[in-house]
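Before any comments, here is the structure.
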Amino acid sequence: MPQALIVDRNQVQPVSFVSTSHARKCLDRLIGEATSLTERYHSERAGSSISLPTPEILEQSSRIQYNLAAWFRAYEASSSPSGIKRDIESVMGFKILHSYYLVARITLATCLRLDGEMAYDSHTQDFRAIMLNSWQLGEIVFKDAPGTKFAHDPSVPPIVADMGWITPLYFTAIKCREREVRLEAIRFLSHGDCKEG
């Protein structure tokens, strides 16, 4: 599939992705930028009596949010029936990427706010979407993947060094302010045999 590009805000953003690994590379870069921004802001705030973000921090946050929204538009275009081939591996990859996108979006939307944990109140729907992705991934692994490399094999310790579904679930368990959603994430984590590190 040819890839059209748009240029804006000093970044080249794909209009669609050619593969799940292409989508992941673009998202990894944005997650790294969001993490750096969060660390920088908290570091500056700790060393100053001024708690408001500087214009430079606000501009950087705005740029990352813009690029994250562009990533999601490309994700949606790639997820359409005419997009990337929908084999079991790409379906799972795109569900995991969607959860990481939601974590990045929540993190970016809350990192400059001064109202502490209450900043997460307005993101319950995103946390619910992470849970839905996790349940759908569970269905694939435990029901729809017999005979594939995703089939659950209790005799093999499932340790994943790569990105998987545990990080978004853990994020939901510690950050979601909706008790039922948080408990659902904890229950899901407690039943899983997979380890990521």
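The values are calculated or read from the model by the stated rules, or taken from the named source; none is laboratory data. Please read all numbers here as calculations on a predicted model, not as lab measurements. Methodologically, a virtual Cβ is constructed for each residue, glycine included, from the backbone with ideal geometry; neighbour enumeration extends over all protein chains shown.
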Expected output for segment 178-189 (first residue buried (at least 17 other Cβ atoms within 10 Å of the Cβ), partner not in a helix (DSSP H, G or I), Cβ below 8 Å, 6+ apart or cross-chain) is Arg182/Cys176; Ala185/Cys176
Quick one: Ser82 ticks every box in (1) more than 16 Å from the chain's Cα centre (by Cα); (2) among the polar types (S, T, N, Q); (3) at pLDDT 95 or above bar one, so which box is it? (3)
Matching residues, segment 51-60, being free of Cβ contacts under 8 Å to residues at least 12 places away in the same chain and in contact with a helix residue (DSSP H, G or I) (Cβ under 8 Å, 6 or more places away or on another chain): Thr54
For segment 23-34, how many residues meet the condition of being buried (at least 17 other Cβ atoms within 10 Å of the Cβ) and either of a type in the set (Phe, Trp, Tyr) or over 12 Å from Ala109 (Cα atoms) (or both)? 7
Going through Trp165, Trp135 one at a time, which residue ends up being at pLDDT below 95, within 23 Å of Ile106 (Cβ to Cβ) and crowded, with 17+ Cβ neighbours inside 10 Å? Trp165
Over segment 61-79, the set of residues in contact (Cβ under 8 Å) with a residue 24 or more places away in the chain and not small (Gly, Ala, Ser) is Arg63, Ile64, Gln65, Tyr66, Asn67, Leu68, Trp71, Phe72, Arg73, Tyr75
Restricting attention to segment 101-133, the residues that are more than 20 Å from Gln60 (Cβ to Cβ) and outside any loop (DSSP other than H, G, I, E, B) number exactly 18
Which of (1) surrounded by 17 or more Cβ atoms within 10 Å (Cβ to Cβ); (2) out of contact with any Gly (no Cβ under 7 Å at 6 or more places or on another chain); (3) in a helix (DSSP H, G or I) is the odd one out, the single condition Ile96 does not satisfy? (2)
Could you check Ile140 against (1) surrounded by 15 or more Cβ atoms within 10 Å (Cβ to Cβ); (2) modelled with pLDDT of 80 or more; (3) more than 17 Å from the chain's Cα centre (by Cα) and say which number it fails? (2)
Within segment 35-57, how many residues are loosely packed, with under 12 Cβ neighbours inside 10 Å and either outside any helix (DSSP H, G or I) or hydroxyl-bearing (Ser, Thr, Tyr) (or both)? 7
So, in segment 168-197, how many residues would count as being part of a loop (DSSP other than H, G, I, E, B) and either hydrophobic (A, V, I, L, M, F, W, C) or at pLDDT below 85 (or both)? 5
